[in-house]
Amino acid sequence: MAKTYDYLFKLLLIGDSGVGKTCVLFRFSDDSFNNSFISTIGIDFKIRTIELDGKKIKLQIWDTAGQERFRTITTAYYRGAMGIILVYDITNERSFENIKNWIRNIEEHAASDVERMIIGNKCDIEERREVSRDRGEQLAIEYGTKFLETSAKANLNIDEAFFTLARDIKSKMEQNEMRAGGSVSNTGRVNVGGSGTQKKSFFSNWSCNLL
Amino acid sequence: MDEKLPESVDVVVLGTGLPEAILASACARAGLSVLHLDRNEYYGGDWSSFTMSMVHEVTENQVKKLDSSEISKLSELLTENEQLIELGNREIVENIEMTWIPRGKDEEKPMKTQLEEASQMRRFSIDLVPKILLSKGAMVQTLCDSQVSHYAEFKLVNRQLCPTETPEAGITLNPVPCSKGEIFQSNALSILEKRALMKFITFCTQWSTKDTEEGRKLLAEHADRPFSEFLEQMGVGKTLQSFIINTIGILQQRPTAMTGMLASCQFMDSVGHFGPSPFLFPLYGCGELSQCFCRLAAVFGSLYCLGRPVQAIVKKDGKITAVIANGDRVNCRYIVMSPRFVPETVPASSTLKIERIVYATDKSIKEAEKEQLTLLNLASLRPDAAVSRLVEVGFEACTAPKGHFLVHATGTQEGETSVKTIAEKIFEKNEVEPYWKMSFTANSMKFDTAGAENVVVAPPVDANLHYASVVEECRQLFCTTWPELDFLPRAMKKEEEEEEEPETEEIAEN
Ligand SMILES: Cc1cc2nc3c(=O)[nH]c(=O)nc-3n(C[C@H](O)[C@H](O)[C@H](O)COP(=O)(O)OP(=O)(O)OC[C@H]3O[C@@H](n4cnc5c(N)ncnc54)[C@H](O)[C@@H]3O)c2cc1C
Ligand SMILES: Nc1nc2c(ncn2[C@@H]2O[C@H](COP(=O)(O)OP(=O)(O)O)[C@@H](O)[C@H]2O)c(=O)[nH]1
Ligand SMILES: [Mg+2]
């Protein structure tokens, strides 16, 4: 079967409960917005394929499954992530302060070279703002990440956020490939979820192999 | 962040060990509302994997016995005819000892410092309960059906060793063929023996389609005789006999014709699915699996709260009606709990003691060109013990820094020689100097009842090589408790996943 993309990036969304992560995800993947608090039930990850410099990039974006509520994200969530979007809510000071804690979490559990980005969501509700744009930018500088203010509701900067992160991952990857001489080493990992397409037990054709 | 626990749920699950996680995910998947609590700040309980720094820091959240003033305070949360019951706190993992072992070659700088300075401590993933998966076993099937397989990756166990011991040579580690290729390339077998092997395999494939009774009839009076006798009778010579018995030995010790045939079929069924070897090991260690099931549970709405010890449970008319955590009362219709919490008034029906030692080394027990993930069956050196094995895992399985290994010894406590003695003999013979070790005893406790009809006691930690029995026990518990619900049924395919298939295959074939 022909591959429908050139790269596959695993991305994560992280941040306090209620900052709008699930809405950001839905806005990006389905271009939809739901005003009621979306229960995260049944949302594992979403996929959207984008194009950058003529390359098809499949973004697989994982939601927290609500496990951020009591800060009980499984370390398994962070495995294999290539990019992480840290989300706070500009109308919620606490969610902004907690970004530091989330970053510490990432440093502990995610790959050390994971690309990060900070977004301040809900910038459509200026009248309830608690965190100035300036403080967001300062924090991003402190951690050496890119920064955007977004609104999932008004569809502001959502595509930009994902495209920026994807572009950063892509260029890092291409640099690494050049250094490694063009091919990523094959580590022989096994993914068991081949959904029913597993090969037949090959003992059934042993005799052929023998002759 | 300042959310309170819900007032009432269908099921409260206590403990995030693998069996509790499997049950939580099955409940959530079936549409029950689930609150999953762990008194520790980490996932996995007695099934956890730790980094090197965590394993030293971790102090389990000890639950103090309630004093009378606390009891009277909690009792305010009770209604008429309700009774407060304290949870048990049984020692599942006990006699834990951990040491950094000074070595001559680290004189300049102890290994601990070297690892800390290179920030390598977090690269370890030290399993409390190391196991492997059979490629076509119950666990892989459950992972695939439930799609928990999305959250985990595996490495093939690519080397099986079998030790022999003589007074002159000490312990020698012999490769055991664990693939078709290895068997047929072996020059230890003649063409005739290879023919005989083929005949045996053909017999197995036909035999495996029969049910047990019919299979037993085919083996006739041999069924309970030693497997070797049966093989002999099938025209399998001595060399080939030991080949076959060594190969399946890790699945079945001292096989009879019947158990030997079952193990042979199990082995053959799993070979070639994901690679030459029938065995898989989870990347980042076995503790990862419980977390993966917890994620599935969360995706289906289960609420997670760690570091939240439950102080007591509430009983009325022989049934549990609520749990009390952090002074909050959560009403529930069922409780699933790890054996650890079974109230002390309930006696265990059996306890099996498992001896565990973990070593950290910077040299493989049998060096090879490429890093290997090794399974070593020690049965021949401890014939009296039901379980004796070593697993060596390293960097490729993401359980140790590059060039380092964890060697897990697991054994039941029978006979004179401990797995520890044998492991250390093997190190000495192969000039491996571990720089760290941890030992403990794990108590595998079973209960016939938990003292109330709506309490499900999850299966305990066990010494089995693979996960078939854990998964099977969870399935049975679930189906007995909720006969009208399906246990982790096959997920319906979403379109995104259809599209994903080529990618999965590509990975699988690499
Ligand atoms: C990833 C992450 C890591 C953090 N790590 C730390 C840390 O190491 N140390 C630290 O001081 N702060 C940490 N915080 C910040 C913390 O969440 C609180 O914001 C901060 O401690 C202030 O707490 P609070 O009691 O004012 O309010 P809230 O967090 O709103 O808590 C309200 C009440 O609930 C209790 N509570 C909350 N969670 C739990 C829980 N899991 N178990 C028992 N009781 C609970 C609180 O003690 C408090 O009484 C972290 C935040 C994040 C997002
Ligand atoms: N005004 C506004 N509300 C938003 C925005 N994004 C999310 N919300 C609301 O914030 C609440 C929480 O959103 P959700 O995506 O569930 O947050 P999560 O817990 O981080 O996943 C919901 O009520 C959303 O409607 C936004 O950009 N603007
Ligand atoms: Mg959400």
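Worth pointing out:
- Normalised by the number of residues in region B:180-270, the mean separation of alpha-carbon contacts (under 8 Å, six or more apart) gives a relative contact order of 31 percent.
- Sites A:Glu108 and B:Ala220 - FRET efficiency at Förster radius 56 Å, r taken between beta-carbons, to 0.05: 0.40
- Reachable aspartates and glutamates, given that their alpha-carbon falls under 12 Å from the alpha-carbon of A:Lys172 and they are not under 8 places away in the same chain: A:Asp113, A:Glu115
- Relative protection proxy for B:436-445, B:399-408, from highest mean packing down: B:399-408, B:436-445 (other beta-carbon atoms within 10 angstrom).
- The Cα atoms of region B:313-415 give a gyration tensor whose axes a ≥ b ≥ c have a/c of 1.5 or more with a/b no greater than b/c, which makes the shape oblate.
- Cα centroids of region B:391-433 and region B:224-254: 27 Å apart.
- Virtual spin-label span in nm between B:Asn331 and B:Ser119, 7 Å along Cα→Cβ: 5.0 nm
- Helix-only [θ]222 nm of the protein assembly as shown, DSSP H runs n ≥ 4, -39500 (n - 2.57) each, per residue, nearest 500: -9500 deg cm²/dmol
- In percent, rounded to a whole number, the relative contact order of chain B is 27, using alpha-carbon pairs under 8 Å and six or more apart.
- DSSP beta bridge pairing in chain B, given as percent antiparallel to the nearest 5: 75 percent
- B versus A: buried accessible surface, summed, Å² (probe 1.4 Å, to nearest 100): 5700 Å²
- Measuring only protein heavy atoms, the 1.4 Å probe finds B:Leu192 accessible over about 130 Å².
- Binned Cα-Cα distance frequencies in chain B - 20 Å width, integer %: 21, 51, 25, 2
- Solvent-accessible area per residue, Å², over region B:176-285 with all protein chains present [probe radius 1.4 Å]: 45 Å²
- Cα gyration tensor shape for region A:11-151, rounded if a/c is under 1.5, else prolate or oblate: rounded
- Inter-chain Cβ neighbour count for B:134-147, averaged per residue, equals 2 (cutoff 10 Å, partner chain atoms only).
- Fraction of antiparallel bridges per DSSP, the protein assembly as shown only, in percent to nearest 5: 65 percent
- Near-label residues of region B:101-127 by backbone N, under 19 Å of a point 7 Å along Cα→Cβ of B:Glu57: B:112-127
- Of the residues making up region B:29-45, those losing 20 Å² or more of accessible area when the isolated chain is joined by the remaining protein chains, with a 1.4 Å probe, are B:Tyr43.
- Per-residue average of Cβ from other chains inside 10 Å of B:293-305: 6
- Note on A:Arg79: accessible area approximately 60 square angstrom, rounded to 10, probe 1.4 Å, nucleic acids and ligands left out.
- The share of accessible area on chain B that comes from carbon and sulfur is 49 percent, using a 1.4 angstrom probe.
- For region B:79-164: rounded, prolate or oblate by the Cα gyration tensor [a/c cutoff 1.5]: oblate
- Carbon plus sulfur fraction of accessible area for region A:7-184, probe 1.4 Å, in percent: 45 percent
- Packing-based order for B:6-16, B:314-324, using average beta carbon neighbours within 10 Å, highest first: B:6-16, B:314-324
- As a calculated quantity, the FRET efficiency between B:Met234 and A:Asp134 at R0 = 56 Å, using C-beta atoms, amounts to about 0.10.
- At a threshold of 50 Å², the residues of region B:267-291 that become less accessible to a 1.4 Å probe in the full protein assembly than in their chain on its own are B:His273, B:Phe274, B:Tyr284, B:Gln291.
- Close Lys-Lys pairs in region B:299-421, where close means Cα under 22 Å and separation is 8 or more or interchain: 6
- FRET efficiency, B:Leu77 to B:Cys479 (Cβ-Cβ, R0 30 Å, nearest 0.05): 0.35
- Using the Cβ of B:Ser364 as centre and a radius below 12 Å, the other residues enclosed give a net charge of -3, where K and R count +1 and D and E count -1.
- Averaged over the residues of peptide A:56-65, the number of Cβ atoms from other protein chains lying within 10 Å of each residue's Cβ is 3.
- For peptides B:195-202, B:36-43, B:166-173, sequence by mean Cβ density within 10 Å, most packed first: B:36-43, B:195-202, B:166-173
- Full extension of the chain between B:Thr421 and B:Trp207 gives 73.0 nm of extra length, using 0.36 nm per residue less the Cα-Cα distance.
The values are calculated or read from the model by the stated rules, or taken from the named source; none is laboratory data. Keep in mind that what you see is a predicted model, and the values were worked out from it rather than measured. Virtual Cβ from ideal backbone geometry, glycine too; neighbours counted across all protein chains shown. For accessibility, only protein heavy atoms count, side chains too; no ligands or nucleic acids. Shrake-Rupley method; radii C 1.70, N 1.55, O 1.52, S 1.80 Å.
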